1. Report, in debye and to the nearest 20, how large the dipole of the chain comes out about its Cα centre when Lys and Arg carry +1 and Asp and Glu carry -1 on their Cβ.
2. Residue by residue, what Karplus-based ³J(HN,Hα) values in Hz, rounded to whole numbers, does region 141-157 have, using 6.51, -1.76 and 1.60 with θ = phi - 60° and x for Gly and Pro?
3. Which Rg and Dmax, in Å, describe the Cα atoms of the chain?
4. Expressed in nm to one decimal, what extension gain is obtained for the pair Phe51 and Phe167 from 0.36 nm per residue of sequence separation less their Cα-Cα distance?
5. Pop the C-beta distance of Asp176 and Gln126 into the FRET formula with R0 = 30 Å and round what comes out to the nearest 0.05.
6. Can you run phi through the Karplus equation (6.51, -1.76, 1.60; θ = phi - 60°) for region 19-30 and list ³J(HN,Hα) in whole Hz, with x for Gly and Pro?
7. Longer than 28 Å from Cα to Cα, which of Lys56/Lys109; Lys46/Lys109; Lys35/Lys102 are they? Say none if no pair is.
8. Extending each Cα 7 Å along its Cβ direction at Lys98 and Thr115, get the distance between those two points in nm, one decimal.
Amino acid sequence: MKKIYTYLFFFCSLIAVAQNELLAQNYFDKGEFDKATSLYEELDKKQPENFYFTQKLVSCYQGLKQFDKAEKLLLSKKEKSNQPTFFVELGYNAQLQKNQTKADSYYKKAIDAVTNQPNYAYQIGQAFEQKSLLQQAYNTYEIGQKNNSSMNFDYQMALLQGQMGNFDVMVVKLLD
C-alpha cells in the first residue's frame, strides 16, 4: 500500500510541475514577465540543475530590466556547474545593458573554452546562435573543428554563412 501512495504522490507532483511549466511558458509568451518570473523561480528552486528553467528565468529578469538579478543568478549557476555556456548568457546580459566591452569579454571566455576543450564547440555555438550572435557562433565552430579534426561543423557553418548573407561561402561549405 505504501508503494501505491508513493507512486501516486510522485505522479501528482510531476503533474503539478508540468502545469506550472506550461503556465509559466504561457505568461512568458504573452510578455507577462512578472507572473512568469514567480513561476520560473519556483521551478528553478525545485530543479536547479535544469538549464532551461534558468534560461527562462534570466529572460524574464531581462524582460523586466532586472539585469543585476539575471547576472547574479547566472554567476551563481556558473560557479556550481562550471559550464562555459554561461559565459554566452552573461555576455548577452551585458550586451542588453549596452556594455559591449563586458559582453565581448564574456564571449571571448566562451570561445576560449572551446580552444581549451573542443568538445564544447557545439554547445557554445548553439548558445551563440540562440542569441543571434552569428559571427561568434561561426568562430566557435571553426575553432572547434580546427582543434579536433574528428569534428565536422561544415553544415552549421554553411547555414551561418547563409544567414550572414555570404552565399558563395555557404555553397562551398555545403559542398565540403
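The values are calculated or read from the model by the stated rules, or taken from the named source; none is laboratory data. Values in this document were obtained by computation on a predicted structure and should not be read as measured data. Because the Cβ atoms are built from the backbone with ideal geometry, glycine has one as well, and the counts that use them run over all protein chains shown. Note: areas computed on protein heavy atoms with side chains; ligands, DNA, RNA excluded. Shrake-Rupley method; radii C 1.70, N 1.55, O 1.52, S 1.80 Å.
1. Values: 20 positive and 19 negative charges, 113 e Å.
Here the chain has a charge dipole of around 540 debye.
2. 5, 4, 5, x, 5, 5, 7, 9, 5, 7, 8, 9, 10, 4, 5, 4, 5
3. Looking at the chain, its Cα Rg and Dmax stand at 19.3, 68 Å.
4. Numbers: separation 116, 0.36 × 116 = 41.76 nm, distance 3.42 nm.
Taking Phe51 through Phe167 to full extension adds about 38.3 nm, to one decimal.
5. Details: r = 20 Å, r/R0 = 0.68.
FRET efficiency, Asp176 to Gln126: 0.90.
6. Taking θ as phi minus 60°, the curve returns 5, 4, 5, 5, 5, 4, 5, 4, 4, 4, 4, 7 Hz for region 19-30.
7. Working: Lys56/Lys109 23 Å; Lys46/Lys109 30 Å; Lys35/Lys102 30 Å.
Beyond 28 Å: Lys46/Lys109; Lys35/Lys102.
8. In this crude spin-label approximation the distance works out to 3.1 nm.
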